[in-house]
1. For the stretch 125-135, state whether one or more residues are in contact (Cβ under 8 Å) with a residue 24 or more places away in the chain and more than 18 Å from the chain's Cα centre (by Cα).
2. As an exercise: evaluate Lys133 against (1) exposed (fewer than 13 other Cβ atoms within 10 Å of the Cβ); (2) touching a helix residue (DSSP H, G or I) at 6+ places or on another chain (Cβ under 7 Å); (3) within 30 Å of Ile175 (Cα to Cα) and give the number of the one condition it does not meet.
3. Of the conditions (1) surrounded by 14 or more Cβ atoms within 10 Å (Cβ to Cβ); (2) modelled with pLDDT of 85 or more, Lys123 clears all except one; give me its number.
4. Tell me which residues, restricted to the stretch 14-54, are of a type in the set (Gly, Ala, Ser) and farther than 13 Å from Thr78 by Cα.
5. Look at the stretch 3-18 and say how many of its residues are loosely packed, with under 13 Cβ neighbours inside 10 Å, at negative phi, out of contact with any Leu (no Cβ under 7 Å at 6 or more places or on another chain) and not aliphatic (A, V, I, L, M).
6. Looking at Leu70, Leu93, Leu16, can you tell me which residue is in contact with a strand residue (DSSP E or B) (Cβ under 9 Å, 6 or more places away or on another chain), farther than 30 Å from Phe143 by Cα, modelled with pLDDT of 85 or more and in a loop (DSSP other than H, G, I, E, B)?
7. Within the stretch 125-143, can you find the residues that are closer than 18 Å to Met158 by Cα and touching a strand residue (DSSP E or B) at 6+ places or on another chain (Cβ under 6 Å)?
8. From Ser113, Ser80, Ser104, which residue is out of contact with any His (no Cβ under 9 Å at 6 or more places or on another chain), small (Gly, Ala, Ser) and in a helix (DSSP H, G or I)?
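The values are calculated or read from the model by the stated rules, or taken from the named source; none is laboratory data. All values derive from a computational prediction rather than experimental measurement. In this analysis, Cβ positions are derived from the backbone assuming ideal geometry, glycine residues included, and neighbour counts consider all displayed protein chains.
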Amino acid sequence: MVLLNRSGNKQTYLRLRKQRYHCLACGKYFTDHTYLVAPSCFISKQVHYTILEELTERQALKTIAKRCNLSVTTVQRTLSALSATMRQKLDYLPHCLLFDEFRSLSTSYGKFSFSCMDGETGKLFDILPSRRKKDLVAYFMRFTKKARMGVRYIVTDMNAPYFSLVKECFPNAQIIIDRFHIVQHLNKFFDRIRKRVMKQLDQKDASQAKYYRQLKSLHKLLLKSEDELDYTTFKKW
């Protein structure tokens, strides 16, 4: 049975019968091949082409698998087979690289994947299934020394393994911490202090209870920029 593309909303299969030939000269048997499916595979090439077409859209692998009536692993293998045929130039790296991680499917590498972008063009450079340092070092060390030495800036978050990765693979690169992560870190630290002060206030005392309610309900106001504050309208308590 060979899996074909859906016909309407119904799953379609092809019952394929192959001929076997017997060579009278050598005595060996061999089976005829068909262009519809690869050897030792039950998924037609047409389905694989559909998967590749779906991969051009911004959607989850799980969605593609469900639409094609396949497992997520099969979709991943199709994507891996495509990437294997696309040879990456190992003598070039952008002058500015942006490192980040994102939550992906749970694999043997973990729940997070690694993304690398060209900081000058804003285009995606590559995606790796692992964000572990040893895997990233093995990936970047494939590039020529000249290409790695040409990287000038690495924009990343405050993930410590990335710092040692940059020193090992890109000795000429300057590390730049993304300001979003700096602001996020400061906001979390400020919020911890706010909660600590709230725990020290006695809610049975009228004046302290007032401060407690203000700190609890106006936490977003405390994080606002000074330019966004309204000094003319006051809220009564």
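1. no
2. Going through the list (1) exposed (fewer than 13 other Cβ atoms within 10 Å of the Cβ); (2) touching a helix residue (DSSP H, G or I) at 6+ places or on another chain (Cβ under 7 Å); (3) within 30 Å of Ile175 (Cα to Cα), Lys133 breaks only (1).
3. Here Lys123 meets the rest and fails (1).
4. Ala25, Gly27, Ser40
5. Residues in the stretch 3-18 being loosely packed, with under 13 Cβ neighbours inside 10 Å, at negative phi, out of contact with any Leu (no Cβ under 7 Å at 6 or more places or on another chain) and not aliphatic (A, V, I, L, M): 7 in total.
6. That would be Leu70, the only listed residue that is in contact with a strand residue (DSSP E or B) (Cβ under 9 Å, 6 or more places away or on another chain), farther than 30 Å from Phe143 by Cα, modelled with pLDDT of 85 or more and in a loop (DSSP other than H, G, I, E, B).
7. The one that is closer than 18 Å to Met158 by Cα and touching a strand residue (DSSP E or B) at 6+ places or on another chain (Cβ under 6 Å): Arg131.
8. Result of the check over Ser113, Ser80, Ser104: Ser80.
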